[in-house]
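Bear in mind these aren't lab numbers, they're just calculated from the coordinates by the rules spelled out. Only a predicted model underlies this, so the values are computations on that prediction, with no experimental measurement involved. With ideal geometry, Cβ positions are generated from the backbone for all residues, glycine too; neighbour counts draw on all protein chains shown.
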Amino acid sequence: MAKMMYREAIRNTIFQEMQRDERVVVLGEDVAGGMGTAGGPEAIGGIWSTSTGFYDAFGPNRVIDTPISESAIMGAAGGLALAGKRPVAEIMFADFIGVCMDQLWNQIAKFRYMFGGKSVCPAVIRMPVGAGYNAAAQHSQMISQFVTGMPGIKVVMPTTPEDACGLLRQAIRDDDPVVFLEHKFLYAMSGEVNDDPDFCIPFGHARLARAGQDVTIVASGMMVRYAETAADDLAQDGIGCDVIDLRTTSPLDEEAILDSVEVTGRLVVVDEAPPRCSLATDISALVAQKAFASLKAPIEMVTPPHTPVPFARELESAYLPSPAKVAAAVRKTLEYR
Amino acid sequence: MQLNREALTRAYRQMKLIREFEERLHEEIQTGEIAGFTHLYSGQEAVAVGVCEHLTERDKIVSTHRGHGHCLAKGCDLEGMMKEIWGSQEGLCNGKGGSMHIADIDKGMMGANGIVGAGAPIAVGAAISNKIDGPDENGKLAVSIAFSGDGACNQGTTFEAMNLAVVTKAPAIFVFENNHYSEHTGVDYAVGTANDIASRAEAFGMKVWRADGTDFFAVYDTFREVLEYVRTPGNGPAAVEFDTERFFGHFEGDPQRYRGDGELDRLRAERDCLKIFRASVTGAKLLEDVDLDTIDTESLKAIENAVQASRAAPRPQPENVLDNVYISY
């Protein structure tokens, strides 16, 4: 085990996979950084420090610093993967998916199906998500609701440094296309990471972040941290919560959710996306369909309102879920009679 | 014109097969037997064949919604394609793709594409892969080709792809087939650099070529130069614009009210790449009419056989809808 930050776990995992498998290549804006400047390549090393040292180690053929052209990045990742490479592409902010949705949604996601199973497209698309930095409406969004609804794409949302490592290694070695959503607020968080160079976490297996008998809280990414804080606070009052970290939203570990709700009978879903047609509504529908008889109270959803992400600190705080909002939702389910 | 008899025969056969494939589909679609949207390539055969006759299976192409010609020219199985268009389980894509999504990755055919302009970034990705793999024992790179029409040349994806190819010096070739119609709109209206798409590629820093796309030999000879340039490590991408003609509508069923009086008859009389090829090779006494007539007969028979096989081919079963979304899930 080694203690490291989430961003280091991501950087180190890609680096190790590039050493292990020469088919692994990285592409994106400023993944080297400083190309064509006095500072030269590696002046930046990726704006999230998730590709520091790559250019020097692997050179321009495998560390492809691109112009600001998200469609070309996404499309090139698809073309590289169809041609036998294992691209790890970075879309600098997940919000920019709006620029390149076609290449993900109509191309990468559908190749295998449209071509009758005769193609393999092992592309990994990394996208930093989430609010909390007052970056306003176009640099703060959660996009899990779009990509989880795309057949053909697997979607990963790691919460801990160890999960970032094990899930990213699995994503790179996986033969299907994977969208890997890294929460910007988690980059600087530290934790112990399994340093086995083959450490992988299989997709579709949720992590039980907290265990309790009274209420089930389902969350992913940064929302797991809020749920954990809320669960720890509630435990002081003798309220026990299962906190289920989904890890991957596609495939979805339905069993972990349903098994927990069968015990607790009460469900709170925490989601950073707006409240309509989202993970929160999806999981609520799942439980309403398949665990209806177990429910002792209406399902609670803790989400932002149906608005864009606002800029001002007070407004962004009002917009986002928080540990207090999660705790309030848990208490509300318990008060229902 | 340096092709031997065998190569000339092959080129004509390929063009004729594409033509008859499309002409037969035009008839069959009217019976209602074939589902969905179909876009025919008749009139543009010299481009697909003049380009693809130079390629090997290491070279890759990405095609368009009007993709049958590119698929056949790149070596996709004719009967497998016909069965796919018929929606059979035995089609090249098991009936999952249809006319707009025919692909054969092993043949270097990375897909027709239902989204105009979507192919170019994918082709550049494959070209970057070619560059990573490096030159072969003869010092030559494999190339990746994006076929685009005059419609796709207005899409931002095409611009992004051209710039990325130049920046990364990827061995990509942008083949622009200007058939003068973007769906139902003329290039004089829709393309700011009307009838000069190549200048756009030039502005991105690429070496460009232009040729008459109805003359197989012009296409073939021009593309040899393009390929020689792009296969050379360090040169990066190039583009070529072929002036060509579309004999049918944008899609099958298109009433083509935008055509001028007698336009289609004139195009078929004066701008038919098969007629031009025949006149050229018989005039130069490289092939005789009887040789070409034999190919015509054989082509019609091959198409007839494919149609009959498609009609008899097994249909997909409802449970097949779930196949091949993921490799593992």
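Angle of helix A:222-236 to the longest C-alpha principal axis of chain A, folded into 0 to 90 degrees and rounded to 10: 30°.
In order along region B:291-301, the phi-based Karplus estimate (6.51 cos²θ - 1.76 cosθ + 1.60, θ = phi - 60°) of 3J(HN,Hα) comes to 4, 5, 4, 4, 4, 4, 5, 5, 5, 4, 5 Hz; Gly and Pro are listed as x. Cα axis of helix A:279-290 to longest principal axis of chain A: angle in degrees, 0 to 90, nearest 10? For helix A:279-290, the angle is close to 50 degrees. Among beta bridges from DSSP that stay inside the protein assembly as shown, the antiparallel ones total about 20%. Peptide B:152-163 shows a mean partner chain C-beta count of 4 within 10 Å per residue C-beta. Mean projection of the Cα convex hull over all viewing directions, computed for region A:2-193: 10.3 nm². Stretched out straight at 0.36 nm per residue, the stretch from A:Ser190 to A:Arg337 would grow longer than its current Cα-Cα span by 48.8 nm.
Take each peptide in B:283-289, A:287-293, B:38-44, count the other Cβ atoms within 10 Å of every residue, and average; sorted highest first, the result is B:38-44, A:287-293, B:283-289.
Computed over region A:207-335, the Cα gyration tensor eigenvalues convert (square root of 5λ each) into semi-axes of 22, 17, 13 Å, ordered from largest to smallest.
If R0 is taken as 41 Å, the Cβ-Cβ distance between A:Glu254 and B:Arg10 corresponds to a FRET efficiency of 0.15. Legend: P(r) of region A:92-239 from all alpha carbon pair distances, 5 Å bins from 0, whole percents, reading 2, 9, 16, 19, 18, 15, 11, 6, 3, 1, 0, 0. Per-residue mean of foreign Cβ neighbours for A:60-68 is 4 (Cβ atoms of other chains, 10 Å radius). Classify region A:43-132 from the C-alpha gyration tensor, please: rounded if a/c falls under 1.5, else prolate or oblate depending on whether a/b exceeds b/c. Oblate is the answer for region A:43-132, as a/c is 1.5 or above yet b/c matches or exceeds a/b.
Listed as lacking a disulfide-compatible partner in the protein assembly as shown: A:Cys100, A:Cys121, A:Cys165, A:Cys200, A:Cys241, A:Cys277, B:Cys52, B:Cys93, B:Cys153, B:Cys273, by the criterion of no other cysteine Cβ under 4.7 Å. Taking all Cα pairs closer than 8 Å and separated by 6 or more residues, the relative contact order of region A:2-193 comes to 26 percent.
Normalised by the number of residues in region A:207-335, the mean separation of alpha-carbon contacts (under 8 Å, six or more apart) gives a relative contact order of 29 percent.
Computed from backbone phi with θ = phi - 60° and the Karplus coefficients 6.51, -1.76 and 1.60, the 3J(HN,Hα) list for region A:97-102 is 4, x, 6, 10, 4, 4 Hz; x is used for glycine and proline. Distances between placed amide hydrogens fall under 5 Å for A:Val193 paired with A:Ala2, A:Lys3, A:Met4, all partners being 5 or more residues away or on another chain.
With r defined as the distance between the Cβ atoms of B:Glu57 and B:Lys285 and R0 fixed at 35 Å, what FRET efficiency is calculated, to the nearest 0.05? Given R0 = 35 Å and the Cβ-Cβ separation, E is 0.55. Scaled against 2.2 N^0.38 Å for its residue count N, the alpha carbon radius of gyration of chain B is 0.97.
Peptide packing for A:93-106, B:155-168 was compared via the average number of neighbouring C-beta atoms within 10 Å per residue; ordered from the highest value, the list is B:155-168, A:93-106.
When peptides A:242-249, A:322-329 are sorted by average Cβ neighbour count within 10 Å, with the highest value leading, the order is A:242-249, A:322-329.
The calculated FRET efficiency for the pair A:Ala318 and B:Arg257, based on their C-beta separation and a Förster distance of 56 Å, comes to about 0.50.
In region B:5-315, the DSSP beta bridges split such that about 10 percent are antiparallel, to the nearest 5. Among B:Thr56, B:Thr294, A:Thr50, the ranking by other beta carbons within 10 Å of each residue's beta carbon, starting with the fewest, stands as B:Thr56, B:Thr294, A:Thr50.
Residues considered: B:Ile197, B:Ile61, B:Ile34. Largest GNM mean-square fluctuation over chain B, using C-alpha springs under 10 Å, is found at B:Ile34. Label-to-label distance for A:Lys296 and B:Asn320 is 5.1 nm, based on points extended 7 Å past Cα in the beta-carbon direction. Of interest is the spacing of the C-alpha centroids, which for region B:1-17 and region B:182-204 amounts to 31 Å. As a proxy for reagent exposure, B:Tyr326, B:Tyr12, A:Tyr336 were ordered by neighbouring Cβ count within 10 angstrom, fewest first; the result is A:Tyr336, B:Tyr326, B:Tyr12.
When only Cα pairs below 8 angstrom with a gap of at least 6 residues are kept, region B:5-315 shows a relative contact order of 22 percent. Here the Kirkwood formula, the inverse mean of 1/r across different C-alpha pairs, assigns the protein assembly as shown a hydrodynamic radius of 26.8 Å. Cα-Cα over 28 Å: which of A:Lys110/B:Lys207; A:Lys85/A:Lys118; A:Lys110/B:Lys16; B:Lys16/B:Lys285? Where the Cα-Cα span goes over 28 Å, the pairs concerned are A:Lys110/B:Lys207; A:Lys110/B:Lys16. Legend: ranking of residues A:Arg276, B:Arg311 from fewest to most surrounding C-beta atoms inside 10 Å; resulting order A:Arg276, B:Arg311. Starting from the 7 Å offset along Cα-to-Cβ, what nm value, one decimal, do you get for the label separation of A:Cys277 and B:Tyr229? It is 4.6 nm. Distant-in-sequence amide contacts of A:Arg126, defined by a placed amide H-H separation under 5 Å and a gap of 5 or more residues or a different chain, comprise A:Ala89, A:Glu90, A:Ile91, A:Phe180. For region B:93-98, the Karplus equation 6.51 cos²θ - 1.76 cosθ + 1.60, evaluated at θ = phi - 60°, returns couplings of 10, 6, x, 8, x, x Hz by residue, with Gly and Pro reported as x. Taking every DSSP bridge with both residues inside region A:2-193, close to 15 percent are antiparallel. Note on B:108-117: average number of Cβ atoms from other chains within 10 Å of each residue's Cβ is 3. Could you work out how far apart the two model spin labels at B:Glu183 and A:Ile68 are, taking each label as a point 7 Å from the Cα in the direction of the beta carbon, and quote it in nm? Result for the modelled spin labels: 2.9 nm.
Cα-based radius of gyration for chain A, normalised by 2.2 N^0.38 Å, reads 0.99.
Loop-located trypsin sites (Lys or Arg not before Pro) in region B:173-270 (DSSP state other than H, G, I, E, B) with a sparse environment of at most 10 neighbouring Cβ atoms within 10 Å: B:Arg257.
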